[in-house]
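Q: Quick one: structure below, then a few questions.
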Amino acid sequence: MTVKTLTIDDKLVSAREQDTILDVARESGIPIPTLCHLDGVKDVGACRLCLVEIASGSPDRPNRLQPACVTKVVEGMVVYTATERLKKYRRMIVELLFSERNHICSVCVANGHCELQDIAITVGMDHVRYEYVSPLCEVDITHGLFGVDQNRCILCTRCVRVCDEIEGAHTWDVAGRGIGARVITDLHQSWGEARSCTSCGKCVLACPTGAIFRQGATVAEMDRDRSRLSVLMTAREKREWIG
Amino acid sequence: MELAELLDIAEEWQKAQKPIRICCCTSTACQPTVSLAIKQALEEAVAAEDLEDQVQVCGVGCLGLCGKGPLVKIEPDEIVYEQVSPDQAPSIVAALKGETSAASKLEPEHPFFTRQMKVVLEHSGNIDPERIEDYIRVGGYQALYHALHEMTTDEVVDAMVSSGLRGRGGAGYPTGLKWATVAKSRGERKFVVCNGDEGDPGAFMDRSILESDPHRVLEGMAIAAYTVGADQGFLYIRGEYPLAIKRLQKAIQQGKRMGLLGTQIFETSFNFRVDIRIGAGAFVCGEETALMASIEGGRGTPRPRPPYPAESGLWGYPTLVNNVETFANVASIIRNGPKWFADIGTEGSKGTKVFALTGQIANTGLIEVPMGTPLREIVEDIGGGAPGYGSVKAVQTGGPSGGCIPADLFDTSLDYESLFRIGSIMGSGGMVVMDETTSMIDVADFYVEFCMDESCGKCVPCRVGTQQMHQLLTKIRSGEATRDDLDRLEELCDVVRHTSFCGLGQSAPNPVLSTLRYFRNEYEALLSDHDVV
Amino acid sequence: MDRLTLATIWLGGCSGCHMSFLDMDEWLIALAERVEVVYSPFADVKTYPDNVHVALIEGAIANDDHLKLIQQARRCTDLLIAFGDCAVTGNVTALRNPLSSVQDILQYVYVEASDIENTPPDEAGIVPPLLDRVVPVHAVVPVDVYLPGCPPPADRIRAVLERLLVGEALQLAGRELIKFG
């Protein structure tokens, strides 16, 4: 195993060669906000919150912005995770997410246990400058145990990935495009009719917001232990039960 | 198939040509239903005049001046008749005997024809795209033979590198370098993909090439496959191009039948199978990783790069992805040599470029000019300026990823670097001309809305940012926006451009940014808190 | 020392933010020594006065009256604080936005879903007409400080008012001050 040395926020750190910038930053205690990343499943680089600046090494060329979750470390790389520019972009991205659907924290099952809400606090979002799109979204509670509320979905596709990669059912996928994209079950049937669903509940564990929830949970009651998923993956791949 | 056989076919087919050829455009722009009726009427007229042993009527690909179609060309006189109708057929045939034709004639000296330089389109409008023999007649597949028998793969790569050809899909990545990377990549198998998912509004270069000279693209792909070590190719064509798909299917069958595609091509160990994949109407599938996802049968969304397709593409194997026009240049480069190609164009941009000239301009259609041609020459000479008494205000190049170039910059040379410097891009070749009645904010909003509709929805800045940009532009257009809104729009352009996942989002703000750069006064005049001076 | 003039305004909201204000309990007495409440649901004042130092705005902009009042408040107030989630985001008040037009919603609420015979209210001059869309305060007038929460906890309100009274900057950050919901 080759060790790579790089600089993150002026701190010299060493990493395994297959590590991503996000891996090594987390190990070194440098926080990088993420939403679509979930330990144990493949990264997709979709939410753009983990963008970091990689020094170009030349004053003539601007620094490159790369998502930390899918960018592998390179020897001698100089990375900045919290420049003013990045902070500004992150806040704007979170504002865009809040403007997209109907994220009403006060009536949400995940209030107080929501990664989107937490990120909003982290990036200092005290209000949203963009006009709310206010789309009419579906709530599907046809499944016996769980429900999905599209009003709160941020299309991180964690549910799609845990269902495909860990459970192996691939009940979830994405349909439509642009702002009309929606997570769907099976071939856009209602969840209750989605025969591939094993009701394992991994999507419920994975969801960062209140979009996928256990039925019966009311406001602020929807807490979950997302680390269960990485424990499962470690158990399967390394045959070690930790956690 | 041996070279001798190929040359025999060419000779035979050349002999079969009659002294006078009446070429009818049968491409999409000339409405095949009408042009086929014209062709039939011309055949009947030739028969009626008893000229069958001297005159031949043939269907050909695009003749270029699409706005004046249906077009009919007489060879060898190079006379082109415009807006032909079937009932004019007898008079066109009568004109062959010196009578005056009732059909309106375009002179061969028309600047639209004389100012162009045709490489990619050299056979477009001259040969029958549905007959492989006609392509062979004009030298087709000889470059492939030459590459297979007389060049090593390294030599082909060298030729491509020294030709200076750059990707014609828009980004302008050096083609030779890409080929070299794929050739060097290790993989149990490799793929060659032709990106024919042409989606820019107003662009139809690739459609026309595929409809007019499909074998040229197949030959380019075969040479590429030999060079990089691939045995399978995919032609990804958008479903909106049924005629191109039909002609390619026919071309692939003909190629296989003659042993120019398939196994043991030209009696060598080189095998190359080509399959067509039809796009389902998503603009983002023009992005190479989304295109590959679509070929694999998945949802057409981009994936992170690196790894680049050259290392890990279709099903994880090294894959060469080039645009239609890029492949269409290959045979010419091999046949005429890289130096010939490198002598055309500018220092950084070699060869010619095909443009689809549309909008408020007298001569709309498909043109090909050397790189470095001043934009003014295209707009004023070839294009004939704005129709009527209007004047041209701006030209949009590069589609939704490009920008608007104002009239006072028309002396800009058309090459990758110069266009980038003035805030636009070469793009795939769409060129939309606008006269002074056009609101540049309407134009910007049109493209932003296009990107909003075409965003795949994967990343937040593109999915939501384009929506918010469109909302702000709508507000500005309605006269209700303030200076704050304009600031917010500029800030959004910045975030969408720098944080979006793929090229679609990264370039979506370009039409706004370039119109803000050159036509800021139009935006400001619409603000509700605009100071009236 | 002159006392600071304070207004509190109740627009399209449930009054929960004002209830939370009252939850500051005995500190209200300390506050009363420092500020003069010149306009509020707690005070019987009919018209919004001129020259207000600070105004807490509860609720979203949902009808014509809200619009008029907030515009007047902006004209007459130095510092506007969007007070609670409805003022900051639209929140529950804005839940009607995705549904359909105002007419359809009134028809549904007052006629179709009503178990007594009823008609949508339209007393001119008494019932203010609803706006097409419910919007947060900053969509209509510039806002100086955003104080989210549904409702903002009493401690949060107090923390902000304390900073205000000593003239500290009001850039709010951190879970204790800007968590929504």
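The values are calculated or read from the model by the stated rules, or taken from the named source; none is laboratory data. In this text, all values refer to a predicted model and were calculated from it rather than measured experimentally. We place every Cβ from the backbone using ideal geometry, glycine too, and count neighbours over all the protein chains shown.
Q: For residues that are within 8 Å of chain A (Cβ to nearest Cβ) and in contact (Cβ under 8 Å) with a residue 60 or more places away in the chain, scanning just the range C:153-181, find the one that is surrounded by the fewest Cβ atoms within 10 Å (Cβ to Cβ).
A: Top of the filtered list is C:GLY181.
Q: So which residues in the range B:251-278 are in contact with a Gly (Cβ under 6 Å, 6 or more places away or on another chain) and either closer than 20 Å to B:GLY427 by Cα or part of a helix (DSSP H, G or I) (or both), if there are any at all? Working first, answer last.
A: First pass over the range B:251-278, keeping only residues in contact with a Gly (Cβ under 6 Å, 6 or more places away or on another chain): B:256, B:261, B:274, B:278.
Across the range B:251-278, the qualifying residue is only B:LYS256.
Q: For residues that are more than 7 Å from chain C (Cβ to nearest Cβ) and of a type in the set (A, V, I, L, M), scanning just the range A:125-145, find the one that is nearest to A:SER199 (Cα to Cα).
A: A:LEU145
Q: Out of B:SER208, B:SER162, I need the residue that is hydroxyl-bearing (Ser, Thr, Tyr), assigned to a helix (DSSP H, G or I) and farther than 29 Å from B:THR268 by Cα. Which one?
A: Details: B:SER162 fails: farther than 29 Å from B:THR268 by Cα.
The conditions single out B:SER208.
Q: Continuing with the same structure: Filter the range A:156-190 for residues that are part of a loop (DSSP other than H, G, I, E, B) and away from chain B (no Cβ under 14 Å); which is surrounded by the most Cβ atoms within 10 Å (Cβ to Cβ)? So that I can check it myself, show each step before the final result.
A: Keep residues of the range A:156-190 that are part of a loop (DSSP other than H, G, I, E, B), which gives A:156-157, A:168-171, A:176-177, A:181, A:186-188, A:190.
The next check asks that each one be away from chain B (no Cβ under 14 Å); those that pass are A:168-169, A:171, A:186, A:190.
Details: A:GLY168: 10, A:ALA169: 19, A:THR171: 22, A:ASP186: 17, A:SER190: 15.
Residue satisfying both the conditions and the ranking: A:THR171.
This table checks each residue for (1) in contact (Cβ under 8 Å) with a residue 60 or more places away in the chain; (2) within 23 Å of C:LYS179 (Cβ to Cβ); (3) in contact with a Lys or Arg (Cβ under 8 Å, 6 or more places away or on another chain).
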| position | (1), (2), (3) |
| --- | --- |
| A:CYS200 | no, no, no |
| A:CYS203 | no, no, yes |
| A:ALA211 | yes, yes, yes |
| A:ALA220 | yes, yes, no |
| A:ARG224 | yes, yes, no |
| A:SER230 | yes, no, no |
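Q: Would you pick out the residues in the range B:473-503 that are buried (at least 22 other Cβ atoms within 10 Å of the Cβ) and facing chain A (nearest Cβ under 8 Å)?
A: B:LEU492, B:VAL495, B:THR499, B:SER500, B:PHE501
Q: Collect the residues in the range B:132-156 that are of a type outside the set (S, T, N, Q), part of a helix (DSSP H, G or I) and either in contact with a strand residue (DSSP E or B) (Cβ under 8 Å, 6 or more places away or on another chain) or more than 14 Å from B:LEU7 (Cβ to Cβ) (or both), keeping them in residue-number order. Give the derivation first.
A: Step one: filter the range B:132-156 for residues of a type outside the set (S, T, N, Q), giving B:132-141, B:143-151, B:154-156.
Among the residues that remain, those that are also part of a helix (DSSP H, G or I) are: B:132-137, B:143-150, B:154-156.
If the condition is that a residue be of a type outside the set (S, T, N, Q), part of a helix (DSSP H, G or I) and either in contact with a strand residue (DSSP E or B) (Cβ under 8 Å, 6 or more places away or on another chain) or more than 14 Å from B:LEU7 (Cβ to Cβ) (or both), then B:ILE132, B:ASP134, B:ALA147, B:LEU148, B:GLU150, B:ASP154, B:GLU155, B:VAL156 are the ones that fit.
So that you can scan it fast, the table gives a plain yes or no per residue for (1) in a helix (DSSP H, G or I); (2) farther than 25 Å from A:PRO208 by Cβ; (3) within 14 Å of another protein chain (Cβ to nearest Cβ):
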| position | (1), (2), (3) |
| --- | --- |
| A:ALA15 | no, yes, no |
| A:PRO31 | no, no, no |
| A:THR34 | no, no, yes |
| A:PRO62 | no, yes, yes |
| A:CYS69 | no, no, yes |
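Q: State which residue is surrounded by the most Cβ atoms within 10 Å (Cβ to Cβ) when the search covers only the range B:376-402 and only residues that are closer than 13 Å to B:GLY429 by Cβ and either among the hydrophobic types (A, V, I, L, M, F, W, C) or assigned by TED's automatic domain parsing to the domain that holds B:PHE446 (or both). Working first, answer last.
A: Restricting attention to the range B:376-402, the residues satisfying the condition of being closer than 13 Å to B:GLY429 by Cβ are B:378, B:395-399, B:401-402.
If we keep only those that are either among the hydrophobic types (A, V, I, L, M, F, W, C) or assigned by TED's automatic domain parsing to the domain that holds B:PHE446 (or both) too, we end up with B:378, B:395.
On the way: B:ILE378: 23, B:VAL395: 27.
That would be B:VAL395.
Q: Taking B:PHE450 as meeting all but one of (1) of a type in the set (A, V, I, L, M, F, W, C); (2) more than 10 Å from every other protein chain (Cβ to nearest Cβ); (3) over 30 Å from the mean Cα position of the chain (by Cα), write down the number of the exception.
A: For B:PHE450, the failing item is (3).
Q: Look through the range B:421-435, keep the residues that are in contact with a Lys or Arg (Cβ under 8 Å, 6 or more places away or on another chain) and surrounded by fewer than 24 Cβ atoms within 10 Å (Cβ to Cβ), and return whichever of them is modelled with the lowest pLDDT.
A: First pass over the range B:421-435, keeping only residues in contact with a Lys or Arg (Cβ under 8 Å, 6 or more places away or on another chain): B:423, B:426, B:428-429, B:434-435.
Of the ones still in play, those that are also surrounded by fewer than 24 Cβ atoms within 10 Å (Cβ to Cβ) are B:423, B:434-435.
Values: B:GLY423: 88, B:MET434: 95, B:ASP435: 93.
This residue is B:GLY423.
Q: From the set of residues in the range A:82-104 that are touching a strand residue (DSSP E or B) at 6+ places or on another chain (Cβ under 9 Å), assigned to a helix (DSSP H, G or I) and more than 7 Å from every other protein chain (Cβ to nearest Cβ), which is surrounded by the most Cβ atoms within 10 Å (Cβ to Cβ)?
A: A:ARG90
Q: Quick test of your reading of the structure: A:SER196 fulfils all but one of (1) surrounded by fewer than 19 Cβ atoms within 10 Å (Cβ to Cβ); (2) within 10 Å of another protein chain (Cβ to nearest Cβ). Name the failing condition by number.
A: It is condition (2) that A:SER196 fails.
Q: For B:GLY297, only one of the following conditions fails: (1) touching a residue at least 40 places away in the same chain (Cβ under 8 Å); (2) under 29 Å from B:LYS184 (Cα atoms); (3) not in a helix (DSSP H, G or I). What is its number?
A: It is condition (1) that B:GLY297 fails.
Q: Based on what the data block shows, is B:ALA328 more than 23 Å from B:VAL228 (Cα to Cα), at pLDDT 95 or above and buried (at least 24 other Cβ atoms within 10 Å of the Cβ)? Give the derivation first.
A: On the way: more than 23 Å from B:VAL228 (Cα to Cα): no; at pLDDT 95 or above: yes; buried (at least 24 other Cβ atoms within 10 Å of the Cβ): yes.
So B:ALA328 does not fit the description; no.
Q: Answer yes or no as to whether A:LEU65 is under 16 Å from the mean Cα position of the chain (by Cα) and without any contact (Cβ under 8 Å) to a residue 40 or more places away in the chain. Before you say what the answer is, go through the steps one by one.
A: On the way: under 16 Å from the mean Cα position of the chain (by Cα): no; without any contact (Cβ under 8 Å) to a residue 40 or more places away in the chain: yes.
So A:LEU65 does not fit the description; no.
Q: Any idea which residue in the range A:105-118 is nearest to the other protein chains (Cβ to nearest Cβ), counting only those that are buried (at least 23 other Cβ atoms within 10 Å of the Cβ) and assigned to a loop (DSSP other than H, G, I, E, B)?
A: A:CYS108
Q: Kindly check whether there is at least one residue in the range A:93-100 that is more than 17 Å from A:PRO33 (Cα to Cα) and either over 19 Å from the mean Cα position of the chain (by Cα) or among the acidic types (Asp, Glu) (or both). Outline the logic, then answer.
A: So the first thing to find is which residues in the range A:93-100 are more than 17 Å from A:PRO33 (Cα to Cα), and the list is A:99-100.
Filter again for either over 19 Å from the mean Cα position of the chain (by Cα) or among the acidic types (Asp, Glu) (or both), leaving A:100.
Scanning the range A:93-100 turns up at least one residue that is more than 17 Å from A:PRO33 (Cα to Cα) and either over 19 Å from the mean Cα position of the chain (by Cα) or among the acidic types (Asp, Glu) (or both).
Q: For B:TYR416, are the conditions met, namely being surrounded by fewer than 24 Cβ atoms within 10 Å (Cβ to Cβ) and either more than 13 Å from chain A (Cβ to nearest Cβ) or under 23 Å from B:GLU380 (Cβ atoms) (or both)? So that I can check it myself, show each step before the final result.
A: Details: surrounded by fewer than 24 Cβ atoms within 10 Å (Cβ to Cβ): yes; either more than 13 Å from chain A (Cβ to nearest Cβ) or under 23 Å from B:GLU380 (Cβ atoms) (or both): yes.
Yes.
Q: Return the total of residues in the range C:14-28 being over 22 Å from C:ALA60 (Cα atoms) and loosely packed, with under 13 Cβ neighbours inside 10 Å.
A: Here the count works out to 2.
Q: What number of residues within the range B:56-98 are within 22 Å of B:GLY383 (Cα to Cα) and among the hydrophobic types (A, V, I, L, M, F, W, C)? Full working, then the answer.
A: Taking the range B:56-98 and keeping what is within 22 Å of B:GLY383 (Cα to Cα), we get B:61-73, B:78-84.
Of the ones still in play, those that are also among the hydrophobic types (A, V, I, L, M, F, W, C) are B:62-63, B:65-66, B:71-72, B:79-80, B:84.
Looking only at that region, the number is 9.
Q: Restricting attention to the range C:133-150, and to residues there that are assigned to a loop (DSSP other than H, G, I, E, B) and touching a His at 6+ places or on another chain (Cβ under 9 Å), which single residue is farthest from the other protein chains (Cβ to nearest Cβ)?
A: First pass over the range C:133-150, keeping only residues assigned to a loop (DSSP other than H, G, I, E, B): C:136, C:140-144, C:148-150.
Imposing the further condition that a residue be touching a His at 6+ places or on another chain (Cβ under 9 Å) reduces the set to C:136, C:140, C:143, C:148.
Values: C:PRO136: 7, C:VAL140: 12, C:VAL143: 7, C:PRO148: 6 Å.
Looking at the filtered set, the residue picked out is C:VAL140.
Q: Something else: Within the range A:163-209, take every residue that is of a type in the set (Ser, Thr, Tyr) and under 20 Å from the mean Cα position of the chain (by Cα) and give me the one that is nearest to A:ASP118 (Cα to Cα). Quick ask: steps written out before the conclusion?
A: To start, the set of residues in the range A:163-209 that are of a type in the set (Ser, Thr, Tyr) comprises A:171, A:185, A:190, A:196, A:198-199, A:209.
If we keep only those that are under 20 Å from the mean Cα position of the chain (by Cα) as well, we get A:171, A:185, A:209.
Details: A:THR171: 28, A:THR185: 27, A:THR209: 10 Å.
Across the range A:163-209, the extreme among qualifying residues is A:THR209.
Q: So, in the range C:56-90, exactly how many residues are touching a residue at least 60 places away in the same chain (Cβ under 8 Å) and part of a helix (DSSP H, G or I)?
A: Selection size over the range C:56-90: 14.
Q: Of everything in the range B:86-98, what is out of contact with any strand residue (DSSP E or B) (no Cβ under 7 Å at 6 or more places or on another chain) and within 18 Å of B:VAL57 (Cβ to Cβ)? Give them in sequence order. Step through it out loud before you land on a result.
A: Here is the first cut: in the range B:86-98, the ones out of contact with any strand residue (DSSP E or B) (no Cβ under 7 Å at 6 or more places or on another chain) are B:86-91, B:93-95, B:97-98.
Within the range B:86-98, B:PRO86, B:ASP87, B:GLN88, B:ALA89, B:PRO90, B:SER91, B:VAL93, B:ALA94, B:ALA95, B:LYS97 meet the criteria.
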